[in-house]
Amino acid sequence: FHATWNRCTDGADPTQVWQLVERRYMEPHRFYHNLDHIAHCLGELDAARGVIEEFDSTELAIWFHDIIYYYGAKDNEDLSADTFREQATGHMPEEQVDRVCEFILATKHTGAAGDAGEAYMVDIDLSGFGLPWDGYYADSMALREEAPDVSDEQYYSGKLRFLDALISWDVIFQTDYFRERLESRARENIARFTTDLRKSA
């Protein structure tokens, strides 16, 4: 984080910014949206280094895209983008600040990405769907822990709606790079998970 922040800014000390990032991702209500998720996304970013043109902006967006997270909140991404803007404004070019915020907002996953840069960001955020089954299942259980006050019936009915919608898309991953690597296994994972849920119900 320090190296990227120093590379992208005018020499602003990253210490306090990193402390904010670390504190947020270590909040006690986080079981999935924590530093493990960020580490996974950074690993996918590094693996795709050869095809991602806006590498630094994508990395900054990864660090900040879930910095504000509460289960069920509709404005997590908006507030996360606002947090990045507050920390970066005046220390890096305004165009890059805007671009990182666009990447963060793209992780709302409300439709097709606006361009290739956003598509890579979206695919990185969704790449956990393409993990081997054990990793995908562990992520699913971690996500469930983030909603302790929600009944199983309510939680999993909403989960099924989301997964049914996701698997109905023509493609889950919008870039050739991630689609070729992860699309097939992601669909297998979702199909297995939703089948198991319906059997349990």
- Task: All but one of (1) more than 22 Å from Gly50 (Cβ to Cβ); (2) more than 17 Å from the chain's Cα centre (by Cα) hold for Met141, so report the exception by its number.
- Result: (2)
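Here are some residues: Tyr136, Tyr155. Which one is in contact with a Lys or Arg (Cβ under 7 Å, 6 or more places away or on another chain), open to solvent by less than 30 Å² (accessible area, probe 1.4 Å) and not β-branched (Val, Ile, Thr)? Walk me through it before giving the result.
Working: Tyr136 fails: in contact with a Lys or Arg (Cβ under 7 Å, 6 or more places away or on another chain).
Tyr155 is the lone residue from the list that is in contact with a Lys or Arg (Cβ under 7 Å, 6 or more places away or on another chain), open to solvent by less than 30 Å² (accessible area, probe 1.4 Å) and not β-branched (Val, Ile, Thr).
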- Scan the stretch 53-76 for residues that are among the acidic types (Asp, Glu) and crowded, with 22+ Cβ neighbours inside 10 Å and jot them down. Glu59, Asp66
- Message: Six or more apart or on different chains, Cβ atoms under 8 Å: show the pairs whose first residue is in the stretch 173-192 and over 12 Å from Ala48 (Cα atoms) and of a type in the set (S, T, N, Q) and whose second is surrounded by fewer than 17 Cβ atoms within 10 Å (Cβ to Cβ) and at pLDDT below 95.
- Response: Gln174/Ala112
- Item | Tally, over the stretch 26-52, of residues that are open to solvent by 50 Å² or more (accessible area, probe 1.4 Å), touching a Lys or Arg at 6+ places or on another chain (Cβ under 9 Å) and not in a loop (DSSP other than H, G, I, E, B) | 1
- Query: Which of (1) closer than 23 Å to Glu44 by Cβ; (2) touching an Asp or Glu at 6+ places or on another chain (Cβ under 9 Å) is the odd one out, the single condition Ala191 does not satisfy?
  - Reply: (2)
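Please tell me if Ala165 is aliphatic (A, V, I, L, M), open to solvent by 10 Å² or more (accessible area, probe 1.4 Å), modelled with pLDDT of 95 or more and assigned to a helix (DSSP H, G or I).
no
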- Out of Asp170, Asp176, report the one residue that is surrounded by fewer than 17 Cβ atoms within 10 Å (Cβ to Cβ), over 19 Å from the mean Cα position of the chain (by Cα) and either farther than 16 Å from Leu197 by Cβ or modelled with pLDDT under 95 (or both). Asp170
- Long-range neighbours under 8 Å by Cβ, at least six apart or interchain, first residue touching a residue at least 12 places away in the same chain (Cβ under 8 Å) within the stretch 33-60, second part of a loop (DSSP other than H, G, I, E, B) and open to solvent by 20 Å² or more (accessible area, probe 1.4 Å): His33/Tyr69; Leu35/Met26
- Residue list for the stretch 80-98, restricted to those being crowded, with 19+ Cβ neighbours inside 10 Å and either of a type in the set (A, V, I, L, M) or farther than 19 Å from Tyr69 by Cβ (or both): Ala81, Ala88, Met92, Val97
- Matching residues in the stretch 10-25 - criterion: being at pLDDT 95 or above and open to solvent by 20 Å² or more (accessible area, probe 1.4 Å): Thr15, Gln16, Trp18, Gln19, Leu20, Glu22, Arg23, Arg24
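The values are calculated or read from the model by the stated rules, or taken from the named source; none is laboratory data. The shown structure was predicted, so the numbers you read here are calculated from the model rather than taken from an experiment. Positions of Cβ are backbone-derived with ideal geometry, glycine not excepted, and every protein chain shown enters the neighbour counts. When the accessible area is computed, the model is the full protein with side chains, heavy atoms only, and any ligands, DNA or RNA have been set aside. Shrake-Rupley method; radii C 1.70, N 1.55, O 1.52, S 1.80 Å.
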